[in-house]
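Peer 1: Supplied in structure tokens, the structure appears directly below.
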Amino acid sequence: MNFNKIRKIFPAVAMVLTAFMGTSCMDDLSKGNIDPNVEANPSVLGLYSKCYAGLIMEGNDGNADFTIDDAGKSTLLRNLYNFNVLSTDEGICWWSDGGIVDIGYNACMPGTATLRFLYYRLMSNITYCNHFLTLEAAQSDKEKMAEVRLIRAYNYFLMLDFFGDPTFVESISADIPQQAHCYNEKYDASQTYSRAELLQLGREFLFNWVKGQIEMAEPDLIIARAKADTDPDYGRMDKASAWLLLSRLYLNAGTYLNNDGQNNPYWDKALEYAEMVINSDYSLFDDSKISAQATSNGYRPYDLLFMGDNGSNGASCEAILPLLQDGKVTKGYGGSLFFIAAMWNDKMQTVTNLTAGTTGNTWSGMRCRPELIAKFTSNPESFVGKSTADIRALNIDDRALFWGKGDGADERTLDLGDNSSFYQGIVTTKWNNNYSTGATPHDTYDVDTDFFLFRVAEAYLNAAEAEMHINGEGSSKAKGYIDALRKRAHATVSTSYTLNDVLDERAREFYFEGLRRTDLIRFNQFGGTQATYNWSYKGGNINGVTFDKTRNVYPIPTSEILANRSLVQIDGYSETEN
């Protein structure tokens with residue numbers, strides 16, 4: 001492997017991406033997947049790269065890391081969208097494959113095919129991390145060890161958030177895997193527990209384990225420093241990644257420890273770590289940082305976060321953890337391309353009246369629920385018939401990157417009808433592959449748009465929310481954090497804000513980025529009779545209905561239950577229900 005040559009093409013961690021696609025020429029990875037059951041002594045650098053690749057890529061040579069009918073469905077990003085966006089008031093899809101509609105109707109069952117893809121992706125990622133962390137040859141590189149430990153912690157954080165009591169494995173072993181609850185020191189195998197009790201034991205164990213792993217990794221991570229894609233450390237987890245993940249974990253501690261997002265003993269910790277990010281070298285990308293060229297080309301700061309040159313146009317000052325993409329060397333259907341192809345058709349245009357910057361813009365599946373549009377305007381119908389440029393001209397909020405136009409006989413509607421067409425619902429042009437400079441992307445199909453998995457903006461809203469819980473909704477500090485985001489978006493600031501305003505602001509800032517389900521659960525507005533907020537097709541009813549609080553977590557897939565009879569299904573679900 002000629003590492004120096006690769007660094008000239010891409011920064012160091014871009015190897016994560018180039019190493020696992022058909023266009024790669026990396027000799028160390030020419031054998032296909034680095035499966036610890038097959039490759040006992042893999043390249044340290046190759047396996048390190050593989051651990052990063054699992055955050056966005058499908059696998060080696062265009063194949064998934066596990067058996068699946070469509071490799072593009074295997075990626076973590078695509079599944080984050082499916083399970084954290086489609087289940088909420090943000091997005092909906094009319095595709096019938098893999099149980100996507102069922103997820104959107106809050107009717108995901110153990111036999112839902114796409115659920116298996118999420119579970120297997122997370123377990124696959126964890127397995128590669130486990131293997132790296134046990135390699136004798138890797139032990140001397142404290143930075144890489146810390147990064148992989150943090151990547152593993154992030155994957156287990158998602159396991160905690162999605163499943164609560166999943167399989168837990170932290171080493172390569174032939175032993176039959178046990179669930180997280182078995183490792184809680186409070187668990188007594190001789191006692192009988194209800195499923196709800198086992199779930200809570202699993203959640204408590206994973207919360208503390210993830211916290212401990214992040215804290216163990218943090219001292220050895222590279223310093224928190226904003227980077228552009230010319231920097232060899234661009235794309236590597238640094239200390240700010242650990243701080244933001246800790247802030248997110250503590251922000252949701254009420255959910256994980258008390259099954260009540262508002263009963264949280266750790267608001268102070270959520271605030272502490274969020275402010276560590278805010279006070280670091282990273283910063284919001286705002287008017288003071290956008291180039292004159294991008295401005296003259298018609299762009300605002302928020303636009304540049306989601307464009308093909310977002311690693312070089314200045315926006316990466318906000319990207320705590322960018323997942324790297326390059327159209328020439330990162331081929332796949334489940335990374336950033338998905339966030340363009342699945343949201344667009346070939347009639348849509350950006351805020352500057354350009355196409356998507358890729359011919360991969362025709363999947364035409366994902367639309368916005370009316371309730372998301374209502375977060376931006378008191379008259380959501382006013383977006384119908386308008387282009388993204390028309391909506392920008394209303395001077396409401398730069399983050400309103402929506403498309404309300406139809407095409408000939410296919411008239412677009414605000415409402416979702418019977419959810420059988422791409423024209424039922426407003427759509428978003430948030431992601432595209434154009435360059436803010438007007439330069440040409442590297443490929444006509446595959447995209448250059450890096451995905452900013454962790455953004456500084458999250459720290460601002462985490463801090464605002466935690467500060468309100470500590471010092472009240474009238475906190476001037478909390479107001480300052482919210483104002484900073486609204487000013488960046490050229491939206492009107494308010495004289496005061498409530499916690500509900502924070503929840504709405506999170507929708508405006510992060511829609512379709514994979515955070516919404518967790519937010520709604522934390523505010524007790526997802527499952528359960530206490531939830532007073534309805535949205536179209538919540539619970540499968542066009543007008544929205546309440547569903548049971550046990551649906552705040554997903555079931556263990558049927559395939560896992562059948563393969564390992566020691567597993568206990570998550571509370572509220574039948575063992576192998578389809």
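The values are calculated or read from the model by the stated rules, or taken from the named source; none is laboratory data. All values derive from a computational prediction rather than experimental measurement. Don't worry about glycine lacking a Cβ; one is built from the backbone with ideal geometry, like all the others, and counts go over all protein chains shown. Heads up: the accessible areas ignore ligands, DNA and RNA and are worked out on the full protein's heavy atoms, side chains in. Shrake-Rupley method; radii C 1.70, N 1.55, O 1.52, S 1.80 Å.
Peer 1: Here are the criteria: (1) over 20 Å from the mean Cα position of the chain (by Cα); (2) within 27 Å of Phe454 (Cβ to Cβ); (3) not in a helix (DSSP H, G or I). Tell me which single one Gln191 does not satisfy.
Peer 2: Every listed condition holds for Gln191 apart from (2).
Peer 1: If you take the residues in region 99-143 that are among the β-branched types (Val, Ile, Thr) and out of contact with any Lys or Arg (no Cβ under 9 Å at 6 or more places or on another chain), which one is most open to solvent (accessible area, probe 1.4 Å)?
Peer 2: Once the filter is applied, the top-ranked residue is Thr134.
Peer 1: So, in region 378-400, exactly how many residues are open to solvent by 20 Å² or more (accessible area, probe 1.4 Å), in a loop (DSSP other than H, G, I, E, B) and in contact with a helix residue (DSSP H, G or I) (Cβ under 8 Å, 6 or more places away or on another chain)?
Peer 2: Counting residues in region 378-400 that are open to solvent by 20 Å² or more (accessible area, probe 1.4 Å), in a loop (DSSP other than H, G, I, E, B) and in contact with a helix residue (DSSP H, G or I) (Cβ under 8 Å, 6 or more places away or on another chain) gives 1.
Peer 1: Residues in region 128-138: is at least one closer than 24 Å to Glu371 by Cβ and polar (S, T, N, Q)?
Peer 2: No.
Peer 1: In this structure, is Ser476 at pLDDT below 95 and open to solvent by 30 Å² or more (accessible area, probe 1.4 Å)? I'd like the intermediate steps shown before the answer.
Peer 2: Values: at pLDDT below 95: no; open to solvent by 30 Å² or more (accessible area, probe 1.4 Å): yes.
When the stated conditions are applied, Ser476 does not pass them.
Peer 1: Can you pull out every residue in region 547-571 that is assigned to a loop (DSSP other than H, G, I, E, B), open to solvent by 40 Å² or more (accessible area, probe 1.4 Å) and closer than 28 Å to Arg522 by Cα?
Peer 2: Asp548, Val568, Asp571
Peer 1: Consider Gly408 against the criteria (1) at positive phi; (2) open to solvent by 40 Å² or more (accessible area, probe 1.4 Å); (3) at pLDDT 95 or above: it satisfies all of them except one. Which criterion is unmet?
Peer 2: Gly408 satisfies every listed condition except (3).
Peer 1: Also, I was wondering about something else. Give me the residue from region 175-222 that is aliphatic (A, V, I, L, M), without any contact (Cβ under 8 Å) to a residue 60 or more places away in the chain and touching a helix residue (DSSP H, G or I) at 6+ places or on another chain (Cβ under 6 Å) and, out of that set, surrounded by the fewest Cβ atoms within 10 Å (Cβ to Cβ).
Peer 2: It comes out as Leu201.
Peer 1: So if I check each of Ala196, Ala174, which one is modelled with pLDDT under 95 and within 27 Å of Leu562 (Cβ to Cβ)?
Peer 2: None of the other options fit; the residue is Ala174.
Peer 1: Residues that are touching a residue at least 40 places away in the same chain (Cβ under 8 Å) and buried (at least 23 other Cβ atoms within 10 Å of the Cβ): find the helices (runs of 4 or more DSSP H) completely inside region 254-328 holding 2 or more of those.
Peer 2: 267-278, 301-304
Peer 1: Mind listing just one residue for me: the one in region 414-449 that is among the small types (Gly, Ala, Ser) and open to solvent by less than 30 Å² (accessible area, probe 1.4 Å) and, of those, nearest to Asp346 (Cα to Cα)? Let's see the steps before the verdict.
Peer 2: To start, the set of residues in region 414-449 that are among the small types (Gly, Ala, Ser) comprises 417, 420-421, 425, 436, 438-439.
Okay, now just the ones that are also open to solvent by less than 30 Å² (accessible area, probe 1.4 Å), so 417, 425, 436.
Working: Gly417: 22, Gly425: 17, Ser436: 20 Å.
For region 414-449, the residue satisfying everything is Gly425.
Peer 1: Right, something else. Scan region 450-477 residue by residue and report those that are over 30 Å from Met307 (Cα atoms) and among the aliphatic types (A, V, I, L, M).
Peer 2: Ala466, Met468, Ile470
Peer 1: Among the residues of region 481-492, is there at least one that is free of Cβ contacts under 8 Å to residues at least 12 places away in the same chain and either more than 30 Å from Lys227 (Cβ to Cβ) or polar (S, T, N, Q) (or both)? Outline the logic, then answer.
Peer 2: First pass over region 481-492, keeping only residues free of Cβ contacts under 8 Å to residues at least 12 places away in the same chain: 483, 492.
Restricting the remaining residues to those that are either more than 30 Å from Lys227 (Cβ to Cβ) or polar (S, T, N, Q) (or both) gives 492.
Yes, the conditions are met somewhere in region 481-492.
Peer 1: Oh, and also: Is it true that Lys375 is closer than 30 Å to Thr75 by Cα and either open to solvent by 10 Å² or more (accessible area, probe 1.4 Å) or in contact with a Ser or Thr (Cβ under 7 Å, 6 or more places away or on another chain) (or both)?
Peer 2: Answer is yes for this residue.
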